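Visitor: Structure below; questions to follow.
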Amino acid sequence: MKKLNRRNFLKNAGLVSLGAFAGVQVGFGRALLQGSGAGTGSELLIYVQLNGAMDGLNLMPPRTGVNYTEYSNVLRPVIHIPNSQSLTLNGISDFGFHPLATGMQSLFNANKMAIVHATGLLEANRSHFVSTALMEQGVQSTATSYGTGWITRYFNSSETTPANAVIPSLVPSYSNTDAVLGDPSALVMGEPTAFSLNQGHWAWENAMQDTIAQIFTNPINTEDIVAAHTLNASQIIQTIFDDVNNPYVPENGAVYPTGYFGEQTKAVARLYKADVDLEVAYIQTGGWDTHVNQGTGITGAFADLVKELSDGLNALYLDLTASNAGKFTIVIQSEFGRRAYENTEQGTDHGYGNPMFIIGDNVNAGIYGQFPGLTPAELFEGDDVAVTTDYRHVVTEVLMRRMGNRYLGHIFPGYDNYSPLGLVTGVDLEPDYNFDFNADLVFKSGFE
């Protein structure tokens, strides 16, 4: 598809107030550092946040030795995944996948997935709100606030993002995320079909569009620029997601699951293929807070979530790799794991360490990190899987080697220990831990 141009779409954009969209927040503005252009070039990072604290022990259950004995006999005698049901992984005997995670198993066994054991924040925090906010803002303490999210700071320091990027950042969700806090160019879109003119009588729509398009042809202040960008983005989205004139057919035999996660992943693929400069997509999917009746094996709430997640990730990979092989990386994370012990309600409470998953054609497949063990002496505070890998080591390696951004101390304030695990291929630039947002950024408008 030919690349869409802001000015061409703006000529036909229609009237809409910023509050008129269902589940949409959009603005415009980019602080862009003009640097050497030493990055790796345009790539797509898809970040999947599993809100509610996904149970990593049952998504990726142990299969052998003392860990399996502790897991199945002591910690979770009712809700464990038995070896007769868990899916095997090529070259791996110690761990498997949940029986409904067939898509994720296929990706791993095709050498398209890396798994990192026992990741998380450096300090445990079992609050959903606090842990999620810390990870989204890219900080380690609630006492530190920068008023921006880590994705915002990624774009602020990017040397490769085009200054006139059409839609560089997408959150396909009805709710916003602190990861893009302070970035008025992030498009937060709950439902593409709702991102359209929806005020006034339908018969007036064309006349309203023509009138407002003339008003905002030459925006002169911040409010006008935001409104113009909103109008423009609306028209772009309407065109891309026009199922009557532009029906979408997933490639490579990809079949997206029914449900909202399937719609989110398909929307990301569809927008990326439309060549609108999409660079980061942040997908939020919830429901993982399984305190009660978590389920066993292939039945229950957790099993349903796993199937939708696994099928969606597999479809997204297949769809994108058909025409964009080697140009995208998918990272999957949750704010923390679940308690190692099942509770009396056959569920699991808030825990600590959890696996992260990295998917793509440039992934060095395998299992990384150190699993701390499940015996009483090995559990964190006697209850949880411990954290042995700072989650930022995973994220920064993808940012450095795939996205070409070396300003790691700016993206994650206080981080000064880049330690690549070898998860993805790419070049390690010289990490910069001292990038000064106020002193070093050169602000400019990307508006054409």
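Please treat every number below as a calculation from the coordinates, not as lab data. Because the structure is predicted, anything quoted here is derived from the model rather than measured. We place every Cβ from the backbone using ideal geometry, glycine too, and count neighbours over all the protein chains shown.
Visitor: Could you tell me which numbered condition Ala386 fails, if it satisfies all but one of (1) touching a residue at least 12 places away in the same chain (Cβ under 8 Å); (2) in a loop (DSSP other than H, G, I, E, B); (3) more than 25 Å from Gln140 (Cβ to Cβ); (4) not charged (D, E, K, R)?
Guide: (3)
Visitor: Can you tell me which residues in the stretch 343-368 are aliphatic (A, V, I, L, M) and either assigned to a strand (DSSP E or B) or touching a Ser or Thr at 6+ places or on another chain (Cβ under 8 Å) (or both)? Steps first, please.
Guide: Initial filter on the stretch 343-368 (aliphatic (A, V, I, L, M)): 356, 358-359, 363, 365, 367.
Correct list: Met356, Ile358, Ile359, Val363, Ile367.
Visitor: Now for a separate question. Got a number for residues in the stretch 132-162 being in contact with a strand residue (DSSP E or B) (Cβ under 9 Å, 6 or more places away or on another chain) and in a helix (DSSP H, G or I)?
Guide: Matching residues across the stretch 132-162 total 8.
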